[in-house]
Structures are given as structure tokens and as C-alpha cells.
């Protein structure tokens, strides 16, 4: 039996906005060549403007056809766009018997997402996320002013540690889904946070484009209590769409923090683009602050410029009194680290404060 498969990349316009039309047009052609050269599929038609590609196939094993096409697209686009950006593309497939006047309907399309397996599958299906908190302190009076929420797997699980949990999600291509579950679990803590304290929540920038995130965050009664901390898992080629989403969240009352600046993809240029209400200086910079005059001068400059634009700055990974004293001299606003507080299970920590 001859069949025809429609491949629809429903969010391709967003990918174009992030990477540019010329790059994505070339990428589209490369994708088609990649699929047809590695599989026994013949290109029947392609419509770049409507994000559709049609392939002719011989055989009636639709499941096998979909798996083959999906695998080719996944490997190719993950390599070209990065894993998290690839997740935004949203692949949809449909295969029907080929006839001269074939016609696809919306109901034919099957959204294909990766699904977790092994221990991670159970954790995600049962939402077995263990929220942890670490205190955030004012640098002057050293008083507790808020918490950073951290996600762990089940206690006594091999995926308890955050690195293991999120590495598993990344390798199984379900980081987006895991972040949604973590966000939902952590937002439940807001009702336990005192009115004079806040809760910072880690979020990948691309998550701001997800309507599910908007629905979850919009349910929060006191939005000023939540600080959305943008984390760096991947390079952001274009911030335009993300900045637009940030502005919408700001009108609702949320603030944005920029995590781990100076230690990866986020740098001083990112601060100027994002204009966060608070910038967190990464652990590796703070770790070397005592014996490196260049780092001290750099932090003084950044701190002054951030203060001049009305922003705040936080030093993360503070482990000793000498670091604390230097941070205070530099005029950094907030401090976080093992010197003040070790992360602990959320409800236990809240009950003990």
C-alpha cells in the first residue's frame, strides 16, 4: 500500500523568529534532504509558509513510518537548534492511504512528544518531586528575606540529586515536561511563605512561551511574592519573543531574576538585554573572589551599573566570613550560600524558621 505522511512543525514561525528567516529556510531544505537520504521516503510536496512537508511511502506500518521520520527530525533539529529549542518546534505527524485526491484533516494529526522511561517515568507520572529551599539573606543585616526553591527527586532515589534528575530528563528529551511538574509542585509552597518574604523559582527562558506556564503562574494570588529566576540550559540566539513574554508577566506583578551570571551563557551583555530586577553572580566567581583582584574590580563595576539602573545584585555560593565581608564592601545587596543556610526539605525548613 502506498501512503502519504504529513509532517507539520506547528511552532516553526517561532523558530524563524528566534533564528532568522534565511537560516530557517536553509535548515528546512537540509531537513528534507536529511530525511529522504536516510530513509526510503520520497518528497511529495513541501510548504514552508505553512510549515508542512509531505512524504510518499511504501508500506502500511504507520507506527514504523512515524518512528523513522520522528527519529530523523529529532536528531537533525537537536543538533542544529539545541535540545530545548527543538522542543518548541512541536512535531505533528499523520499518515493516510495515498489517493489521487487525498485530504488530511486536523483530527488526523498526532502530536509526538518524547516520553520518559525507567525511574524517571514513575517520578514524572506520580509527580514525585521533593521541593527544597535555601535561604536568601540581606548582606547588611544578614536577615532572612526569602528563599530559592530547588527541585529534587524522591529521597533515597538514584535521581534524588538535582544534577541526576535533570540530566536524566535532558537525555530522555523531557526537560520541558519535568520543568512544568517542578513548577506546579513548587507553587504549592507559596501559601506557606510569610508575607514579608519571597520565593524565587528557577525557569528556563523558553518556558515563558508555554501557555501552561502562564496558566499556573496566573493562579498565584500574591504575584509579588514570586521571583522568576531565569536559568541557563542553552544559548538563547534571540531574546525578542522571550522579552515580550517577560513584559506580560511583569504587568501581572512578577519580577525576573537572572541566574548564574558570569559562569556560562549569561554574561554582562545578557543583563543589558534582559534588564532583570535582580542579577545573581555565579558560584565560580564568588569562589575565587578572595584571591583575585580582577574579579573584585569586575564585580564593583557590574554592581554599580546595576544599581544605577535600579536593579539589585545577589552573590551566590558564599561559604565563609571572608567572602561575606568582601561582598559587603562591594555593596552587593543579597547573599546566598552554605555559610548561611544549607538547602533542606521545604516544609521542614519553613516550619523551623
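Where a number appears in this text, it was derived from the coordinates with a stated rule and is not lab data. These numbers were taken from a predicted model, which means no experiment stands behind them. Note that each Cβ is placed from the backbone with ideal geometry, even for glycine, and that neighbours are counted across all protein chains shown.
Stretched out fully, how many nm does the piece from residue 212 to residue 143 gain, at 0.36 nm a residue minus the Cα gap?
21.3 nm
Using a Förster distance of 35 Å, how high is the FRET efficiency between residue 273 and residue 329, based on the Cβ-Cβ distance and rounded to 0.05?
The computed FRET efficiency comes out at 0.75.
How many nm separate the modelled label positions at residue 184 and residue 239, each set 7 Å beyond the Cα in the direction of the Cβ?
Result: 3.1 nm between the two label points.
Taking the highest mean first, how do the peptides 45-57, 178-190 order by number of other beta carbon atoms within 10 angstrom per residue?
Put in order of decreasing packing, that is 178-190, 45-57.
For the chain, what relative contact order do you get, as a whole percent, if you take Cα pairs closer than 8 Å and at least 6 residues apart?
Relative contact order of the chain: 14 percent.
In percent, how large is the relative contact order of segment 1-102, given Cα pairs closer than 8 Å and 6 or more residues apart?
Result for segment 1-102 is 48 percent.
How would segment 199-251 be classified by its alpha-carbon gyration tensor: rounded, prolate or oblate, with rounded meaning a/c under 1.5 and the a/b versus b/c comparison settling the rest?
In terms of gyration-tensor shape, prolate.
Quick check on packing: order 120-127, 163-170 by the mean number of other C-beta atoms within 10 Å, highest mean leading.
Sorting 120-127, 163-170 by mean packing, highest first, produces 163-170, 120-127.
Roughly what % of DSSP beta bridges within segment 1-99 run antiparallel, to the nearest 5?
Here the share of antiparallel DSSP bridges comes out near 100 percent.
Reported to two decimal places, what Rg/Rh ratio describes segment 1-102 when computed on Cα atoms with Rh from the Kirkwood expression?
Across segment 1-102, the Cα-based Rg/Rh ratio is 0.96.
What is the Cα centroid distance between segment 147-182 and segment 34-103, reported in whole angstrom?
Segment 147-182 and segment 34-103 have Cα centres spaced 30 Å from each other.
Give me the percent of DSSP beta bridges within the chain that run antiparallel, rounded to the nearest 5.
That works out to approximately 60 percent antiparallel.
Taking the alpha-carbon centroid of each part, what is the distance from segment 130-144 to segment 191-251 in angstrom?
Spelled out, the Cα-based centre of one part sits 20 Å from the other.
At 10 °C and 1.306 mPa s, what whole-number value in µm²/s does Stokes-Einstein give for the translational diffusion of the chain, with Rh from the Kirkwood sum over Cα pairs?
70
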